[in-house]
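Okay, structure first, notes after.
The values are calculated or read from the model by the stated rules, or taken from the named source; none is laboratory data. Everything numeric here is computed off the predicted structure, so don't read it as measured data. Every residue, glycine as well, gets a Cβ built from its backbone with ideal geometry; the counts of neighbours run over all protein chains shown.
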Amino acid sequence: MNSKIVIISLIFLSSFIFNSCSDNTVTSGNPENLTASYECPVSSTTALTHFFSVNLKHSGSTLSGDVQSYDSSDTHKGVLTGTFDGASVSVTGDITGTNYDFTFTGSLISTSPKKISGNLVFSTGDAEPIPVEFVETVAVDTSIPPNPYMFESVFTTPNPTGPPVIFVHGMGGTIREWDSAMASLPADFKLRHNVYRYQYDWQKHIEVNGIVLRDSVLARGLVNPIIVGHSMGGLVCRAYVKNGGAITKLVTFGTPHYGSPLAKLKNFVPWLGLDGPQDIVPNSPFLTALNNDPVDIANRSKYYLLAGRMGGSISGVKWVWKESYYSQFVKIAYYVMKLYYPNKDNDGLVSEDSALLTGGGANNPLPVQLWVDHMHEQYPIISSGMYNYVIGL
């Protein structure tokens, strides 16, 4: 593999589909205008190998536009030139500073969304034609605002028989992340527990957010709560414990207990350089201190850590995802995680050993939840195993 880890744009993300060339060419008296944003994933017979993000412009028979690829240190931009005669598409990509210049020939096989299927040949290296598709996509807005702090009472019961339960969202999320779970809580759960949600400012240091959670719990007189945290929220909960917060249990979904290398990619998504996301970089000062903290270690018998796993496979030249609901963002993140950790399974953003705090002395009460991605671990319909575990508390 190239010494730099090549990754796809975190800006132009889309469906992750390969098809071989076929006879499904779209023809019409009025040729389709190909102006759109596309992604083009490239695979070997065993793995995903490259991604290209494309903004294509079409005027008459002329195609032009820009193409982008990324590695762990920089963004590489290039230009596209080509032609479209109403049936055949021919494109050349020239990407500055890389060995990924290419030529592509193919045809339009679908118009909604637009799909251009054909063969790609790299200008250097392996000159064998590679079957690929350029698939129309929608650019993703990567700007996420900060959150105001909130501690919300969701359900109360006059005589609860169990401890209060607090739900804590993940990075970039809000208390609304739990709406589906709150709406699905069964009556007997609401009779056993008073239920709360905590919203924090994910842009701030995780330690700060854990202290605010501690103070919020103390201010309301809540005693030994069960806390359920998704993603970064699980680390906020551990910071709560580290700073003197008492618990009955801590349950985490897809929490990067050992960090996630995606947090290092601030060259691509600037907000990853903020304090909170930087705390999730593997071996960050925050994680190093937390994972060696005696109070945290002493409480790990009360930690119940759950993980999901995304997946897909190559059938011929076509990559098929296990689930159709995987988002554009998380598909790309899964690919990047596989570049960092080829032999580790992940949920799209967090490797399983990180989510389970493998070797750390915590409990892993459920098998890894197959084909559940990071973005849906808190949704009852999709992640029923995790949800059923929580409502059984």
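Residue by residue, here is whether (1) out of contact with any strand residue (DSSP E or B) (no Cβ under 6 Å at 6 or more places or on another chain); (2) of a type in the set (A, V, I, L, M, F, W, C) holds:
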{"site": "V295", "(1), (2)": "yes, yes"}
{"site": "A298", "(1), (2)": "yes, yes"}
{"site": "Y304", "(1), (2)": "no, no"}
{"site": "Y326", "(1), (2)": "yes, no"}
{"site": "L370", "(1), (2)": "no, yes"}
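One residue alone among E177, E128, E136 is charged (D, E, K, R), farther than 20 Å from S37 by Cβ and surrounded by 15 or more Cβ atoms within 10 Å (Cβ to Cβ), and that residue is E177. Identify, please: which residue in segment 261-276 is part of a loop (DSSP other than H, G, I, E, B) and touching a Phe, Trp or Tyr at 6+ places or on another chain (Cβ under 9 Å) and is, among those, nearest to S216 (Cα to Cα)? Ranking the candidates gives L274 first. Pairs linking a residue in segment 198-223 that is under 13 Å from K242 (Cβ atoms) to a residue that is part of a strand (DSSP E or B), with Cβ atoms under 6 Å and 6 or more positions apart or on different chains, are L213/Y198. Of the strands (runs of 3 or more DSSP E) lying entirely inside segment 281-393, the ones with 2 or more residues being farther than 30 Å from P163 by Cβ and under 20 Å from the mean Cα position of the chain (by Cα) are found at 312-315, 318-321. The set of residues in segment 25-53 that are at pLDDT 90 or above and outside any loop (DSSP other than H, G, I, E, B) contains only A36. Checked against (1) part of a loop (DSSP other than H, G, I, E, B); (2) crowded, with 20+ Cβ neighbours inside 10 Å; (3) of a type outside the set (F, W, Y), G233 passes all but a single condition, namely (1). Kindly indicate whether any position in segment 92-112 is out of contact with any Lys or Arg (no Cβ under 8 Å at 6 or more places or on another chain), of a type in the set (D, E, K, R) and at pLDDT 95 or above. No: zero hits.
In this structure, L265 does not satisfy being more than 19 Å from L48 (Cα to Cα) and in contact with an Asp or Glu (Cβ under 8 Å, 6 or more places away or on another chain). Within the set K344, K331, the sole residue that is charged (D, E, K, R) and either within 19 Å of M171 (Cβ to Cβ) or crowded, with 23+ Cβ neighbours inside 10 Å (or both) turns out to be K331. The condition of being charged (D, E, K, R), more than 24 Å from I226 (Cβ to Cβ) and free of Cβ contacts under 8 Å to residues at least 24 places away in the same chain holds for only one of K338, K344, K322, that being K344. Of the set (1) closer than 17 Å to G392 by Cα; (2) surrounded by fewer than 18 Cβ atoms within 10 Å (Cβ to Cβ), all apply to P163 but (2).
Would you pick out the residues in segment 233-269 that are over 16 Å from the mean Cα position of the chain (by Cα) and modelled with pLDDT under 95? Listed by number, the list holds a single entry, N267.
Look at (1) assigned by TED's automatic domain parsing to the domain that holds P285; (2) of a type in the set (A, V, I, L, M, F, W, C); (3) over 19 Å from Y303 (Cα atoms); (4) in contact (Cβ under 8 Å) with a residue 40 or more places away in the chain and you find that L191 fails only one, number (4). Elements of the type strands (runs of 3 or more DSSP E) sitting completely within segment 148-220 and holding at least 1 residues that are within 29 Å of the chain's Cα centre (by Cα), at pLDDT 95 or above and under 25 Å from V330 (Cα atoms): these cover 165-168, 195-199.
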